[in-house]
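The values are calculated or read from the model by the stated rules, or taken from the named source; none is laboratory data. Keep in mind it's a predicted model, so treat the numbers as computed, not measured. Cβ sites come from the backbone with ideal geometry, for glycine too, and all protein chains shown count toward neighbours.
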Amino acid sequence: MQQDIQAADRGELPPSMEPMLLGDRHRGPLTDLTLDLTQKTAAFRASLPASIVASLADLVRAMNCYYSNLIEGHHTHPVDIERALKNEYSTDTHKRDLQLEAKAHIAVQEWIDGGGLSCRAAVTVGGICEIHRRFCELLPEDLLWTEDPKTQERVRVVPGELRTSYAKVGRHIAISPGALPRFLKRFEEVYASTGRTEAILSTAAAHHRLLWMHPFLDGNGRVARLMSHAVLLDVLDTGSVWSVARGLARNVQKYKEHLANCDLNMRGEEELASFTKFFLTVCIDQVAFMQSLVQPDLLRTRILHWANQESKRSQLPPKSGQILEAVLYRGELPRGDADIVVGTGERQARRIVSALLEKGVLTSENSRAPLRLVFPAALAGHWMPGLFPDQVL
């Protein structure tokens, strides 16, 4: 049975979580990485039209969700994630539950991306609990239950509430539930008061310290990665067009090794500095990767090649590529300009636009609103190769 939080307190004190920030000895090279990440993020964001940022962010949310859940051992096909967003669910109960989990993750990130959680708020007790609440309250009932591997006792996760029982993750024994309020208070005091550069530099440290506390019965990994996403979104103004989760998942063994090493060496800075270097390097790699995918000439070539192939297979009308190219370069295309772009008359232009809307590669707010590009997960292998592992598409 769950223990009363007042009784389940071993008396641990917040100084056992120190150091929470890195000292001067490690700051030189790591500050250089922080500056490099800041410059690369700004350059990438500035290179994208506003409408492309919005469309790309939609795809990156699905990507972030896929990789973050994959780290937890939950594999949901990217196309199934996209279907879930359209309320199209598998008849298989387990797959449907995972689709709902993915949809929940995306809903929380969309809330964050929309300004629901600032950098400072993301590292407060209230912000952390709000991330957990919003995620878990959308989960199917079967995913809200955990089982003690020794006693086989099943305990229900309460959205947004701190755990009231002891927890062990691998070899790490987390602090007692009664200690959580005072540790989280110290966590907030430190990380919510940092400046912009320090917030970037300390993202990895905050990420680890939150996981080390293990504040919730379940869902801690997703909460930590969403918290880190919120911090980087705010302080770097990322536009949500890249995700650290992909890099962490592709280096999952190193990621988990760094976390475990930090668990075992809490009192020293070496492991925390090593994890910070790893984390910042992963971020820089992901910015570079996404920038390589959306280089205008390369992206144009891939999209037009796909459109031409679809036209040859009679899956799209001829000249569909010209509409896509116009939207790609302009960011959005007024519907009245479609016939000018294709030069075939209004009726044929409407036919092409309708086909592209049906394919899910164009969208608009209503029948009169401008057209903008969509990056469907189903076409990621053609348009943005490497975004997802080849075997899942």
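Determine if segment 49-56 includes at least one residue that is at pLDDT 90 or above and either more than 18 Å from residue 237 (Cβ to Cβ) or out of contact with any Phe, Trp or Tyr (no Cβ under 8 Å at 6 or more places or on another chain) (or both).
No, that holds for no residue.
Filter segment 117-143 for residues that are touching a Lys or Arg at 6+ places or on another chain (Cβ under 9 Å) and touching a residue at least 24 places away in the same chain (Cβ under 8 Å) and give the result.
Result: 119, 125, 127, 131, 132, 135, 138, 140.
Testing residue 324 on (1) in contact (Cβ under 8 Å) with a residue 40 or more places away in the chain; (2) surrounded by fewer than 16 Cβ atoms within 10 Å (Cβ to Cβ); (3) over 30 Å from residue 231 (Cβ atoms), one condition comes back false. Which one is that?
Here residue 324 clears every test but (2).
For segment 254-301, which positions are touching a residue at least 12 places away in the same chain (Cβ under 8 Å), outside any helix (DSSP H, G or I) and closer than 30 Å to residue 382 by Cα?
Within segment 254-301, just 294 meets the criteria.
Among the residues of segment 62-98, count how many are among the charged types (D, E, K, R), over 30 Å from residue 295 (Cβ atoms) and part of a helix (DSSP H, G or I).
Number satisfying all stated conditions: 3.
Which condition breaks for residue 68 when tested against (1) among the hydroxyl-bearing types (Ser, Thr, Tyr); (2) modelled with pLDDT under 90; (3) surrounded by 18 or more Cβ atoms within 10 Å (Cβ to Cβ)?
It is condition (2) that residue 68 fails.
Looking at 106, 81, which one is buried (at least 18 other Cβ atoms within 10 Å of the Cβ) and at pLDDT 95 or above?
106 is the lone residue from the list that is buried (at least 18 other Cβ atoms within 10 Å of the Cβ) and at pLDDT 95 or above.
The conditions are (1) modelled with pLDDT of 95 or more; (2) in contact with a helix residue (DSSP H, G or I) (Cβ under 8 Å, 6 or more places away or on another chain), and residue 299 fails exactly one of them. Which is it?
Tallying (1) modelled with pLDDT of 95 or more; (2) in contact with a helix residue (DSSP H, G or I) (Cβ under 8 Å, 6 or more places away or on another chain), residue 299 fails exactly one: (1).
Quick check on segment 30-46. Is at least one of its residues at pLDDT below 95, surrounded by fewer than 16 Cβ atoms within 10 Å (Cβ to Cβ) and in a loop (DSSP other than H, G, I, E, B)?
Taking every residue of segment 30-46 in turn, none turns out to be at pLDDT below 95, surrounded by fewer than 16 Cβ atoms within 10 Å (Cβ to Cβ) and in a loop (DSSP other than H, G, I, E, B).
Going through segment 331-356 one residue at a time, which ones are at pLDDT below 95, over 15 Å from residue 368 (Cβ atoms), of a type outside the set (Val, Ile, Thr) and touching a strand residue (DSSP E or B) at 6+ places or on another chain (Cβ under 9 Å)?
If the condition is that a residue be at pLDDT below 95, over 15 Å from residue 368 (Cβ atoms), of a type outside the set (Val, Ile, Thr) and touching a strand residue (DSSP E or B) at 6+ places or on another chain (Cβ under 9 Å), then 331 is the only one that fits.
Report whether or not residue 59 is surrounded by fewer than 17 Cβ atoms within 10 Å (Cβ to Cβ), modelled with pLDDT of 90 or more, in the same structural domain as residue 244 (by TED's automatic domain parsing) and part of a helix (DSSP H, G or I).
no
More than 17 Å from residue 60 (Cα to Cα) and either touching a helix residue (DSSP H, G or I) at 6+ places or on another chain (Cβ under 9 Å) or not in a helix (DSSP H, G or I) (or both): does that describe residue 336?
Taking the combined requirement at face value, the residue satisfies it.
Does any residue of segment 217-232 turn out to be surrounded by 20 or more Cβ atoms within 10 Å (Cβ to Cβ), within 18 Å of residue 119 (Cβ to Cβ) and of a type in the set (Val, Ile, Thr)?
Yes, segment 217-232 contains a residue that is surrounded by 20 or more Cβ atoms within 10 Å (Cβ to Cβ), within 18 Å of residue 119 (Cβ to Cβ) and of a type in the set (Val, Ile, Thr).
Mind checking which pairs have a first residue in segment 225-252 that is of a type in the set (Asp, Glu) and a second that is part of a loop (DSSP other than H, G, I, E, B), Cβ under 7 Å, 6 or more apart or different chains?
Close Cβ pairs (under 7 Å, with a partner that is part of a loop (DSSP other than H, G, I, E, B)) amount to 234/118.
Just give me the residues in segment 303-317 being buried (at least 18 other Cβ atoms within 10 Å of the Cβ) and part of a helix (DSSP H, G or I), in sequence order.
Of everything in segment 303-317, those that are buried (at least 18 other Cβ atoms within 10 Å of the Cβ) and part of a helix (DSSP H, G or I) turn out to be 303, 306, 307, 310.
Just checking, how many residues over segment 318-333 are in contact with a helix residue (DSSP H, G or I) (Cβ under 7 Å, 6 or more places away or on another chain) and part of a helix (DSSP H, G or I)?
Residues flagged as in contact with a helix residue (DSSP H, G or I) (Cβ under 7 Å, 6 or more places away or on another chain) and part of a helix (DSSP H, G or I) within segment 318-333 amount to 8.
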